[in-house]
Amino acid sequence: TGNPVMGDGTVLFHANHGNLAGANAAIAVATLGEGRAAMRKQKGLNGRFINVMAKYLLVPAAIETVAEQYVTQTNIIYTKSSDYNPFANKLQVIAEPRLDAASLTSWYMAADPAQIDTIEYCFLEGQEGVYLESRLGFDVDGVELKARLDFAAKAIDWRGFWKNTGA
């Protein structure tokens, strides 16, 4: 949510990266379509289209129900084309309550990390898991445990993300 500066000197979500909606809008078939199209039009380092496919719809908890309405298949009998939901069962909703602290309306689309590297996570050298230390208690009857996880994560590529600041 802090929109960090990427290696090219431009913030993660920016019009120059083609991953920021041109107009603020709520989740709807049209705005989901805009995001999907923008992600598919991303180009790789060689200038060719890389056809990134959205897999996740990341939302604050405040709009989780709305998001689920647009990605869940229902047993509606379609009588006109506008009844059809092209996103049914194609996106997975991930509601994150920490997004609510930044904005109750902003929503994001993200690609499958198996398709494109977007976030890199790493451990401190030599600490590829939880560091545990224990000692027998003198002040208490038992064993005292100390646990620590030295871990970091950073966005490394903007092509697998898309953002709409919502309405």
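The values are calculated or read from the model by the stated rules, or taken from the named source; none is laboratory data. From a predicted model like this one, the values you see are computed outputs, not experimental measurements. Note: ideal-geometry Cβ built from the backbone for every residue, glycine included; neighbour counts use all protein chains shown. Just the protein is used for accessible areas: all its heavy atoms, side chains included, with ligands, DNA and RNA removed. Shrake-Rupley method; radii C 1.70, N 1.55, O 1.52, S 1.80 Å.
A few points about this structure:
- Taking region 86-167 as the region of interest, the strands (runs of 3 or more DSSP E) fully inside it that hold 2 or more residues being touching a Gly at 6+ places or on another chain (Cβ under 6 Å) and in contact (Cβ under 8 Å) with a residue 24 or more places away in the chain are 107-111.
- Test set (1) within 22 Å of Gly22 (Cβ to Cβ); (2) in contact with a Cys (Cβ under 8 Å, 6 or more places away or on another chain) - Phe151 fails condition number: (1)
- Hey, Lys80 open to solvent by 30 Å² or more (accessible area, probe 1.4 Å) and either touching a helix residue (DSSP H, G or I) at 6+ places or on another chain (Cβ under 8 Å) or modelled with pLDDT of 95 or more (or both) or not: no
Conditions (1) open to solvent by 50 Å² or more (accessible area, probe 1.4 Å); (2) closer than 30 Å to Ala167 by Cα, marked per residue:
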position	(1), (2)
Ala102	yes, yes
Ser106	no, yes
Ala114	yes, no
Ile119	yes, yes
Leu124	yes, no
Tyr131	yes, no
Leu136	yes, no
Asp139	yes, no
Val143	yes, no
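- Flag if Gly35 is within 15 Å of Trp158 (Cα to Cα), open to solvent by 40 Å² or more (accessible area, probe 1.4 Å), out of contact with any Asp or Glu (no Cβ under 7 Å at 6 or more places or on another chain) and among the small types (Gly, Ala, Ser): no
- Taken over region 1-23, the criterion of being outside any loop (DSSP other than H, G, I, E, B), closer than 18 Å to Val52 by Cβ and either of a type in the set (S, T, N, Q) or free of Cβ contacts under 8 Å to residues at least 12 places away in the same chain (or both) is satisfied by Ala15, Asn16.
- Checklist (1) out of contact with any Phe, Trp or Tyr (no Cβ under 6 Å at 6 or more places or on another chain); (2) outside any strand (DSSP E or B) applied to Leu57, failing item: (2)
- Residue check for Tyr56: closer than 21 Å to Ala88 by Cβ and open to solvent by 60 Å² or more (accessible area, probe 1.4 Å): no
- Selected residue [among the polar types (S, T, N, Q), open to solvent by 30 Å² or more (accessible area, probe 1.4 Å), modelled with pLDDT under 95 and farther than 23 Å from Ala114 by Cβ] from Asn85, Asn75: Asn75
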